[in-house]
């Protein structure tokens, strides 16, 4: 059936799965996939079995979950799960497969050989992450080339990333950002559990990886004269960084680990100040979610963060410890001055980062791949 408006059968692979329990790509799969289901499409999301062993299920928010194993190793977990997912997808009649992460581009020739239409969301320039050794960077560089060669369409979530692919590979990526809306809901009890008060804590949300600079944030905060606590939300699989942060932090710093769902949204809505210290990546979901929730945001002055935040965010240089210290001190001493940035950031997120608009663009993209 080739009617242009018929429902599509869509698979999403390369994430850890749904419901989201890790990072941006998982939130992306959950939000995009559930909205595609609401529009009548069939959506399958490949999930890592180990993450959902305690709560195995077959569907979540209308999406079919396919649980598959992965090799529990820093360099093999993502690619082993992607390979098994692609092999499973070969024997299903998907109209479109959306692959997440350029590291998974090696499955593209396999999927294309089965005449499946494939798009890949390449994320940021992942080989720049400090955690990768020479072999890891080479794999990501090869993934970029394979994405361009074998995918029907390459998707970039920020113009900075799109420009990289235009300049280096001579292609025109589909430019589709992330969405930012939060559910309308009551707050959870997470503030009470962590001993926090609304509008009386500083929030940081990122995976604890070197290029996200959690240690630099703590060092800068250590020199701020305040009783307002710093809450460091995140995790560090295959790394001892989370343990070292907990061990080295002063009593004003809370490191509760990774937090998701309603608790995460409650923390975003009620933060006095939100810090974004990432150096690598495209559109960071936590940043635009902080904007959408009315956050007063201090962000590292990277091209990607400048693109997302514009003039509605305050910026610092993460490599200058005093820069963040001074900006944070000023923000806490005169917190009333942040209200204008809250209003402007929320408006910017609403205009530029709508999940409904993102879903529209992916729907158009998928149909164009089938007709083109």
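The values are calculated or read from the model by the stated rules, or taken from the named source; none is laboratory data. No experiment lies behind these values; they were computed from the predicted model shown. Using ideal geometry, Cβ is built from the backbone for each residue, glycine included, and neighbour counts are taken over all protein chains shown.
May I ask you to say which residue of 116, 149 is more than 26 Å from residue 288 (Cβ to Cβ), modelled with pLDDT of 95 or more and in contact with a helix residue (DSSP H, G or I) (Cβ under 9 Å, 6 or more places away or on another chain)?
Numbers: 116 fails: modelled with pLDDT of 95 or more.
Step by step, each of 116, 149 is checked, and only 149 is more than 26 Å from residue 288 (Cβ to Cβ), modelled with pLDDT of 95 or more and in contact with a helix residue (DSSP H, G or I) (Cβ under 9 Å, 6 or more places away or on another chain).
Restricting to the range 163-191, name every residue that is out of contact with any helix residue (DSSP H, G or I) (no Cβ under 6 Å at 6 or more places or on another chain) and under 29 Å from residue 324 (Cβ atoms).
Selection gives 163, 164, 177, 191.
Only one of these conditions is not met by residue 19: (1) surrounded by fewer than 23 Cβ atoms within 10 Å (Cβ to Cβ); (2) within 20 Å of the chain's Cα centre (by Cα); (3) assigned to a helix (DSSP H, G or I). Which number is it?
Answer for residue 19: the failing condition is (3).
Within the range 329-343, is there a residue that is assigned to a loop (DSSP other than H, G, I, E, B) and either on the phi > 0 side of the Ramachandran plot or surrounded by 15 or more Cβ atoms within 10 Å (Cβ to Cβ) (or both)?
no
Tell me, which helices (runs of 4 or more DSSP H) wholly within the range 218-296 include 1 or more residues that are surrounded by fewer than 18 Cβ atoms within 10 Å (Cβ to Cβ) and at pLDDT 90 or above?
Working: elements: 241-248, 261-270, 285-292.
The helices (runs of 4 or more DSSP H) meeting that bar are 261-270.
Step by step: first the residues of the range 180-194, then only those that are modelled with pLDDT under 95 and surrounded by 10 or more Cβ atoms within 10 Å (Cβ to Cβ), then the one that is nearest to the chain's Cα centre (by Cα). Which residue is that?
180
Look through 318, 313 and report the one residue that is more than 19 Å from residue 269 (Cα to Cα), in contact (Cβ under 8 Å) with a residue 24 or more places away in the chain and within 21 Å of the chain's Cα centre (by Cα).
None of the other options fit; the residue is 318.
Please specify each residue of the range 86-107 satisfying the condition of being surrounded by 24 or more Cβ atoms within 10 Å (Cβ to Cβ) and within 19 Å of residue 362 (Cβ to Cβ).
Listed by number, the residues that qualify are 97, 98, 99, 100, 102, 104, 105.
Scan the range 344-371 for residues that are exposed (fewer than 13 other Cβ atoms within 10 Å of the Cβ) and touching a residue at least 12 places away in the same chain (Cβ under 8 Å) and jot them down.
The answer is 356, 371.
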